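The values are calculated or read from the model by the stated rules, or taken from the named source; none is laboratory data. Predicted model, so just to flag it, every value in this text is computed and none were measured. Note that we place each Cβ from the backbone using ideal geometry, even for glycine, and neighbour counts take in every protein chain shown.
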Amino acid sequence: MFRGRYQHTLDPKGRLSVPAKFRDALAHYEGGLIVVPDGQCLEVHPLEEWQRIETKMREQATFNADIREVSRLYVSRAKEVSLDSAGRMLLPPDVREQAGLSKEVTLVGGGLPRFEIWDRTRFEEYERTRGDRLPTLFDKLSGMGV
């Protein structure tokens, strides 16, 4: 799992150095990485985990309107990338643009089998405007038995 926050910068070619802790977590997976913009940030999934998502979607009814829409609006944006020998990933220009990424980014690992890359200013604003929801979210988690 991916945990913690790390501030990094994209180099002029769009390469991003992945933190050592995240590289350690990635070592437990085989294959490359899938990057997909979700409307707020860029999600980074180990290929194994992404394939699980695709499998679950394929198990749904072929003509399920929600699945078709998610397929068109979300899954179709996914691109495969890999880490180079220096532990960097090259983020394609269109993906960076769709995710609103500039030079300064924050990598966010929330204890899930994926991590997120946010434009640093956008993430700071997200946290500032949503931070007061944390007590309510804790109550919801408690209701789920967490």
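Observations
- Residue check for Val95: in contact (Cβ under 8 Å) with a residue 60 or more places away in the chain, in contact with a Leu (Cβ under 7 Å, 6 or more places away or on another chain), among the β-branched types (Val, Ile, Thr) and in a strand (DSSP E or B): no
- Top-ranked residue in the range 109-136 [being of a type outside the set (Phe, Trp, Tyr) and within 19 Å of Arg15 (Cβ to Cβ); ranked as surrounded by the fewest Cβ atoms within 10 Å (Cβ to Cβ)]: Arg120
- Filter result (hydrophobic (A, V, I, L, M, F, W, C), assigned to a loop (DSSP other than H, G, I, E, B) and at pLDDT 95 or above) within the range 1-40: Leu10, Val18
- Residue within the range 41-55 that is part of a loop (DSSP other than H, G, I, E, B) and surrounded by fewer than 17 Cβ atoms within 10 Å (Cβ to Cβ) present: no
- Filter result for Thr106 (more than 12 Å from the chain's Cα centre (by Cα) and either surrounded by 13 or more Cβ atoms within 10 Å (Cβ to Cβ) or free of Cβ contacts under 8 Å to residues at least 12 places away in the same chain (or both)): no
- Figure legend. Inter-residue proximity from the range 4-26: first residues surrounded by fewer than 14 Cβ atoms within 10 Å (Cβ to Cβ), second residues part of a loop (DSSP other than H, G, I, E, B) and among the small types (Gly, Ala, Ser), beta-carbon distance below 7 Å, spacing 6+ or different chains. Indicated pairs: Arg23/Gly87.
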